[in-house]
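What follows is a set of notes on a single structure, which appears directly below.
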Amino acid sequence: MNIERIWVLLAKRKSGEATNDELAELNDLLHSGDGNTKNEIAEKIWNASLQPLPEMKPGEDLWNRIETTMEEPVTKSFVSIKMIRWVAAAAVITAIIAGAFLLGRQKDGNNTFAQNVVTQPSSKRHVVLPDGTNVWLNGSSILSYNSESFGENNREVKLVGEAFFDVTKDAQHPFIIHASSINITVKGTAFNVKAFPGQKNVETSLIRGLVEITTLQDPERKILLRPNEKIAVSAEKEPVKQTEDKPEQPLFVISKLHVDEKNILPETVWMNSSLSFDNESLEQLAPKLESWFSVTFHIDENMKHAHFTGTITKETLQQTLEAMKLSSSFVYEIKNNEVWLHK
């Protein structure tokens with residue numbers, strides 16, 4: 001089966017350039033072969049690196065459409081340099097996304113997570129799952145589940161990022177969350193899970209109910225979390241070898257949840273539509289900013305007692321830090337999901 005041909009046809013279908021014959025060809029290719037063959041294709045498309053597609057030569061009608069939309073006609077050689085590369089790169093990304101949805105299978109063990117809910121940075125989204133469970137997704141997060149069998153055969157989801165769950169009770173079908181290095185099993189409860197890529201720990205904060213947590217490092221061990229408790233588990237998926245330079249670290253740490261003087265829980269502050277702080281030290285403010293912007297702060301000791309006042313609504317992380325610099329001079333560096341602050 002010609003996988004490269006499938007990529008090209010998927011991209012053309014998504015962009016509206018596919019002819020009826022090409023659509024028919026795509027349909028035949030997608031429905032040919034057995035289930036294992038389709039899953040193999042989906043895996044290859046999903047895991048493929050962003051390499052350019054095979055050379056695509058646009059027809060004369062495409063050049064005509066491009067030239068008529070410009071104030072001044074352009075030469076074909078110019079467009080071929082500026083446009084063809086963009087089309088190829090965009091098409092391969094579109095093909096990967098389309099392949100994930102049309103053939104859409106992400107496998108994790110024996111489960112298939114075919115439905116993805118994605119949030120952009122600094123955005124939030126409320127999702128109601130088929131069983132009535134409410135999920136609030138923080139920015140830069142992905143929630144995956146099987147929309148066809150969820151609630152009937154199982155209630156399993158996969159989380160990358162951060163989300164607050166208010167789980168509907170169903171004694172026959174425990175609710176299971178796969179998040180980085182941990183698996184969380186619940187029957188009806190409300191809790192927050194933070195599992196961003198690149199962070200050292202996966203955090204679960206329990207508001208009510210009871211959850212059972214297992215880790216990939218020690219899967220036989222069951223850890224029970226009670227209301228108003230927070231667990232931070234190492235994001236390492238395999239036991240870390242100890243050396244003289246790297247002493248043994250605990251697999252997990254459980255601590256109590258505490259609200260601030262305004263009765264706000266720092267672990268769930270990101271769910272509010274705005275974040276206000278009044279003369280708070282950076283040491284107090286950092287956990288709230290971490291939840292709000294889905295990042296981890298690294299703060300020098302001489303910065304922890306600097307105080308700030310303000311309100312965040314739609315400001316970006318960089319805009320917020322620039323505004324804070326007006327109150328106390330400091331230098332910051334942002335890399336992926338981590339922020340360093342120092343004088």
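The values are calculated or read from the model by the stated rules, or taken from the named source; none is laboratory data. Just so you know, these numbers come straight off a predicted model, no measurement behind them. No Cβ is skipped: glycine too gets one built from the backbone with ideal geometry, and neighbour counts run over all protein chains shown. Heads up: the accessible areas ignore ligands, DNA and RNA and are worked out on the full protein's heavy atoms, side chains in. Shrake-Rupley method; radii C 1.70, N 1.55, O 1.52, S 1.80 Å.
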Any strands (runs of 3 or more DSSP E) falling wholly within segment 234-343 and containing at least 1 residues that are closer than 30 Å to ASP218 by Cα, open to solvent by less than 90 Å² (accessible area, probe 1.4 Å) and among the small types (Gly, Ala, Ser): 252-256
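Which of the residues spanning segment 118-145 are of a type in the set (S, T, N, Q) and more than 17 Å from the chain's Cα centre (by Cα)? Break it down into steps so the answer makes sense when it comes.
Step one: of segment 118-145, the residues of a type in the set (S, T, N, Q) are 119-120, 122-123, 133-134, 138, 140-141, 144.
THR133, ASN134 - these are the residues of segment 118-145 that are of a type in the set (S, T, N, Q) and more than 17 Å from the chain's Cα centre (by Cα).
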Failed item in (1) out of contact with any Asp or Glu (no Cβ under 6 Å at 6 or more places or on another chain); (2) over 22 Å from PHE293 (Cβ atoms); (3) surrounded by fewer than 17 Cβ atoms within 10 Å (Cβ to Cβ), with LYS222 passing the rest: (1)
Contacts under 6 angstrom Cβ, first residue in segment 120-132 being free of Cβ contacts under 8 Å to residues at least 12 places away in the same chain, partner surrounded by 13 or more Cβ atoms within 10 Å (Cβ to Cβ) and outside any loop (DSSP other than H, G, I, E, B), 6 or more apart: HIS126/TRP136; VAL128/ASN134
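Mind listing whichever residues of segment 179-194 are open to solvent by 10 Å² or more (accessible area, probe 1.4 Å) and either in contact with a Leu (Cβ under 7 Å, 6 or more places away or on another chain) or outside any strand (DSSP E or B) (or both)? Please lay out each step first, then the result.
Taking segment 179-194 first, the residues open to solvent by 10 Å² or more (accessible area, probe 1.4 Å) are 180, 183, 185, 187-188, 194.
Within segment 179-194, SER180, LYS187, GLY188 qualify.
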Any hit, segment 196-213, residues being within 16 Å of SER255 (Cα to Cα) and part of a loop (DSSP other than H, G, I, E, B): yes
Within segment 161-175, tally of residues that are farther than 18 Å from VAL202 by Cα and surrounded by fewer than 23 Cβ atoms within 10 Å (Cβ to Cβ): 8
Residues being without any contact (Cβ under 8 Å) to a residue 60 or more places away in the chain, open to solvent by 30 Å² or more (accessible area, probe 1.4 Å) and in contact with a strand residue (DSSP E or B) (Cβ under 8 Å, 6 or more places away or on another chain) - total across segment 133-148: 4
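Residue-wise test of (1) out of contact with any His (no Cβ under 9 Å at 6 or more places or on another chain); (2) in contact (Cβ under 8 Å) with a residue 12 or more places away in the chain; (3) within 30 Å of LYS237 (Cβ to Cβ).
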site: TRP270; (1), (2), (3): yes, yes, yes
site: LEU275; (1), (2), (3): yes, yes, no
site: LEU282; (1), (2), (3): no, yes, no
site: ILE299; (1), (2), (3): no, yes, yes
When residues of segment 112-132 are limited to those that are open to solvent by less than 40 Å² (accessible area, probe 1.4 Å) and aliphatic (A, V, I, L, M), the one nearest to ASP170 (Cα to Cα): LEU129
Residue in segment 153-160 that is farther than 21 Å from SER291 by Cα, of a type in the set (D, E, K, R) and crowded, with 19+ Cβ neighbours inside 10 Å present: yes
